[in-house]
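Report on the following structure.
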Amino acid sequence: MIKQIALESATISTKNPVDPRAMEKLPTKTVDQQPANVNGTANYSSLAQVQMASNGNYNADNKEVFHDGEIFHSDYTEMNKTMKIYIYPHPKKHPFANILLPVPDKREPKGNYASESYFKKSLTKSHFITNDPSQADLFYLPFSMANMRHDKRIGVGGIKGFVRDYLFNISHQYPYWNRSGGADHFYVACHSVGRTAMEKAMEIKVNAIQVVCSSSYYVSGYVAHKDASIPQIWPRHGNPPHQPLSKRKKLAFYAGAMNSQVRENLVRTWGNDSDISVHHTRLITPYSESLLGSKFCIHAKGYEVNTARVGDALYYGCVPVILADHYDLPFEDILNWRAFSIVVSTLDIPLLKKILEEVELGEYLSLQNNVMQVRNHFRWHNFPVDYDAFYMVMYQLWLRRSALRIPFS
């Protein structure tokens with residue numbers, strides 16, 4: 001059991017898991033071994049908590065990675081059969097085709113905010129698309145926040161006006177928005193400018209489904225359960241690496257810019273520690289080496305609650321430590337984050353080492369085994385792969401497709 005001091009400001013879903021079939025086998029452990037903490041030190045006080053499963057594999061109160069695996073897999077199958085999305089059409093010669101259409105096939109989304117482009121590209125290639133609006137469960141507003149930000153005709157200062165004008169045009173040209181007040185519409189945004197982009201189109205913020213990376217339920221405008229969180233993922237090719245625990249010498253790792261009090265406090269508290277490796281800037285050495293060499297990888301809130309560090313940690317098989325209060329974690333409707341991560345209140349940064357060191361070896365192996373299970377849910381592909389990030393976002397939309405809201409007036 002993780003001995004964790006958590007305040008109410010660090011919340012997470014606690015639904016009971018029910019489908020043990022989704023759990024993979026943990027590594028075997030001989031009976032004469034003593035339970036240990038994550039650094040390998042024997043922990044005799046918790047000997048009674050360590051049991052051998054009937055099949056001889058190690059079992060330390062394993063947690064299911066899904067809240068309810070049976071419901072998820074059943075709904076997922078139904079979603080693939082029936083769900084339909086209508087995308088508002090725009091010609092290739094539209095003056096803002098770079099904003100409204102997916103990136104060309106020969107170009108691949110890049111950078112910190114690639115999730116936004118990957119989703120649009122994946123959706124347009126998928127079987128979810130319908131050209132018949134009467135068959136649509138949801139309607140997609142295809143504007144790109146990241147591309148608007150870099151378009152000199154719009155820029156950061158012009159995004160709010162562009163969104164306002166776009167809504168005006170589709171609501172006068174088509175009947176679908178007015179029919180529902182936008183309750184069956186959605187947009188996707190990963191850049192933080194998306195958080196304020198709807199200030200001149202409040203109908204979208206209030207009624208539509210906002211699928212965003214900056215998913216803080218502390219900030220006005222994001223409504224958990226109406227809106228959905230999408231992971232910020234740095235694009236990577238090839239299969240994720242596997243690094244055994246024996247080669248993960250550091251207890252925890254963090255590196256990044258000092259653009260929040262959380263990060264400053266983290267570096268100030270643990271900057272000189274020999275077990276927790278934290279840095280106040282980006283590394284000169286390859287980032288991957290530190291991720292592969294650490295047992296825990298810290299996601300510390302920056303300007304927003306989200307960063308790509310959660311996806312980085314999962315890709316490299318490192319157990320994420322979430323230091324971001326009020327973060328509506330990606331796919332939290334589906335995944336039991338307690339099964340593959342540790343969420344710590346930012347007020348508990350002085351206790352971080354104690355919290356991590358008290359994670360017993362069996363619990364860590366369970367957490368890391370679950371990391372290996374869920375990390376494919378946090379990957380994008382040029383052509384969507386079953387259960388990858390695209391399909392997980394689609395499932396979140398499936399859950400929200402029938403929600404009814406009062407039209408904005």
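The values are calculated or read from the model by the stated rules, or taken from the named source; none is laboratory data. A quick note: this is a predicted structure, and the numbers were derived from the prediction, not measured. Cβ placement follows ideal geometry from the backbone for every residue including glycine, while neighbour counts extend to all protein chains displayed. We work out accessible area using only protein heavy atoms, side chains counted, and drop any ligands, DNA or RNA first. Shrake-Rupley method; radii C 1.70, N 1.55, O 1.52, S 1.80 Å.
What to note about this one:
- Global form of region 61-129, assessed from the alpha-carbon gyration tensor, a/c cut-off 1.5: oblate
- With K and R counted +1 and D and E -1, the other residues having a Cβ less than 12 Å from that of Ala201 yield a net charge of +1.
- Accessible surface area normalised per residue over region 303-386 is 25 Å², counting heavy atoms of protein chains with a 1.4 Å rolling probe.
- Distance between the modelled labels on Asn259 and Thr77, one decimal in nanometres: 4.4 nm (7 Å Cα→Cβ projection).
- Accessible area of region 59-175 belonging to carbon and sulfur atoms, whole % at 1.4 Å probe: 51 percent
- Per residue, the accessible area of region 220-259 comes to 48 Å² when a 1.4 Å probe rolls over the protein heavy atoms.
- For region 148-175 and region 361-404, distance of Cα centres in Å: 31 Å
- Count of lysine pairs in region 239-366 with Cα separation under 16 Å (8 or more residues apart, or interchain): 8
- The residues neighbouring Ile159, those whose beta-carbon lies less than 10 Å from its own, together hold a net charge of +2 under the Lys/Arg +1, Asp/Glu -1 convention.
- Of the chymotrypsin sites (Phe, Trp or Tyr not before Pro) in region 204-284, the ones in a loop by DSSP (not H, G, I, E or B) with at most 14 other beta carbons within 10 Å are Tyr218.
- Inter-part distance, region 228-267 to region 271-327, computed on C-alpha centroids, equals 3 Å.
- Point-charge dipole on Cβ atoms (K/R +1, D/E -1) for region 170-291, about Cα centre, debye to 20: 260 debye
- Placing dummy labels 7 Å off each Cα toward the beta-carbon, the span from Leu351 to Arg268 is 2.0 nm.
- Counted charge near Phe378, where neighbours are those whose Cβ lies closer than 10 Å (Asp, Glu -1; Lys, Arg +1): 0
- Order by protection proxy (mean Cβ within 10 Å, highest first), peptides 289-301, 171-183: 289-301, 171-183
- Percent accessible area from carbon and sulfur atoms, region 250-357, protein chains only, probe 1.4 Å: 50 percent
- Three-way shape label, region 245-355, alpha-carbon gyration tensor, a/c 1.5: rounded
- Selected from Val310, Ser290, Val344, residue furthest toward positive end of dipole (region 282-360; charges at beta carbon): Ser290
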